[in-house]
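Notes follow the structure.
Every number in this text was worked out from the coordinates using simple rules, so none of it is lab data. Nothing here was measured: the structure is a model prediction, and the numbers come from that model. Cβ coordinates were reconstructed from backbone atoms using ideal geometry, including for glycine residues, and neighbour counts include every protein chain displayed.
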Amino acid sequence: MNQERIDALRKEWEEEEKIAHIHGWDFSHINDRYNEEEDLPWDYQTVIEEYLKDDMKILDYDTGGGEFLLSLHHPYRNTAATEGYPPNVELCKEVLLPLGIDFRQCHDASDIPFEDASFDMMINRHGDFDPKECYRLLKPEGLFITQQVGSENDRDLVEMVLPDQPKPFPDLNLKIQRKKFEDAGFEILRAQEVFRPICFYDIGAFVWFAHIIEWEFPGFLVERCFDRLLKMQEELDRNGKIAGTIHRYLIAVRKH
């Protein structure tokens with residue numbers, strides 16, 4: 001790789017680094033530059049809709065910007081949501097509150113600001129959760145449905161730029177979390193776990209992604225990891241992509 005291209009790549013990647021932020025949970029900046037979650041054996045929304053009825057009171061914990069919640073088209077009078085990330089909190093206040101959705105700021109999954117037995121269903125996609133707090137908030141026969149990112153998520157990608165980085169959440173796997181729900185008093189309705197590919201088609205998209213998912217790539221900087229990024233670019237030039245592995249699991253439970 002000649003110096004002119006190296007310099008051009010450095011400039012391109014540093015630009016991606018500067019603009020790495022999101023509004024809500026919006027990855028449209030790298031649409032068509034990467035893909036993931038296209039071949040999961042379940043569809044999270046479909047699983048929820050199998051159980052959801054209009055008269056149910058539902059809570060979406062860690063709603064992000066409320067994008068997924070709104071896609072359910074559940075009656076707003078029966079809908080509540082929480083979020084803790086400050087930019088998303090402001091977005092939710094602007095978008096959800098005017099609709100009549102009961103939105104409350106919360107950053108502690110073990111202390112959610114609602115009364116006991118408030119909900120028929122709680123949902124959570126890639127957010128934090130505490131089975132005991134879910135049990136408290138749900139009515140008898142209430143449901144909790146979550147799709148989660150597992151502890152092995154993106155580990156091969158992390159190793160490419162930050163070797164020997166410890167896993168940020170080592171207990172996030174189906175075996176451990178299933179037992180926590182059982183111990184909290186839940187009946188397991190559905191439990192699945194999968195490993196699937198994630199692919200990047202340009203390294204700039206990876207740079208942006210690594211900054212957004214900062215808990216998986218702590219301390220990642222173009223300057224710090226530049227030589228390793230160049231090796232990734234060489235692999236992309238050979239194979240047309242950089243491939244890694246995502247780790248997902250799904251749990252649906254009912255309160256006894």
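State which residue is nearest to K139 (Cα to Cα) when the search covers only the stretch 14-60 and only residues that are outside any loop (DSSP other than H, G, I, E, B) and acidic (D, E). It would help to see each step written out before you state the result.
Here is the first cut: in the stretch 14-60, the ones outside any loop (DSSP other than H, G, I, E, B) are 14-18, 28-31, 34-35, 44-51, 58-60.
Next, from what is left, pick out any that are acidic (D, E): 14-17, 49-50, 60.
Working: E14: 50, E15: 49, E16: 46, E17: 45, E49: 19, E50: 18, D60: 15 Å.
Among them, the one singled out is D60.
Quick check on the stretch 10-21. Is at least one of its residues under 28 Å from E90 (Cα atoms) and in contact with a Leu (Cβ under 6 Å, 6 or more places away or on another chain)?
Looking for residues that are under 28 Å from E90 (Cα atoms) and in contact with a Leu (Cβ under 6 Å, 6 or more places away or on another chain), one finds none in the stretch 10-21, hence no.
Being crowded, with 17+ Cβ neighbours inside 10 Å, on the phi < 0 side of the Ramachandran plot and touching a strand residue (DSSP E or B) at 6+ places or on another chain (Cβ under 6 Å) is the requirement here; does I198 meet it? When the stated conditions are applied, I198 passes them. Among the residues of the stretch 23-60, the ones that are more than 26 Å from F144 (Cβ to Cβ) and of a type in the set (V, I, T) come to 1 in all. Given the criteria of a type in the set (K, R), out of contact with any Leu (no Cβ under 9 Å at 6 or more places or on another chain) and surrounded by 16 or more Cβ atoms within 10 Å (Cβ to Cβ), does K93 qualify? Taking the combined requirement at face value, the residue does not satisfy it. Looking at this structure, is F181 in contact with a Pro (Cβ under 7 Å, 6 or more places away or on another chain) and surrounded by 16 or more Cβ atoms within 10 Å (Cβ to Cβ)? Against the criterion (in contact with a Pro (Cβ under 7 Å, 6 or more places away or on another chain) and surrounded by 16 or more Cβ atoms within 10 Å (Cβ to Cβ)), F181 qualifies. Scanning the stretch 41-76 for residues that are over 18 Å from Q105 (Cβ atoms), acidic (D, E) and either crowded, with 18+ Cβ neighbours inside 10 Å or in contact (Cβ under 8 Å) with a residue 12 or more places away in the chain (or both) turns up E49, D54, D55.
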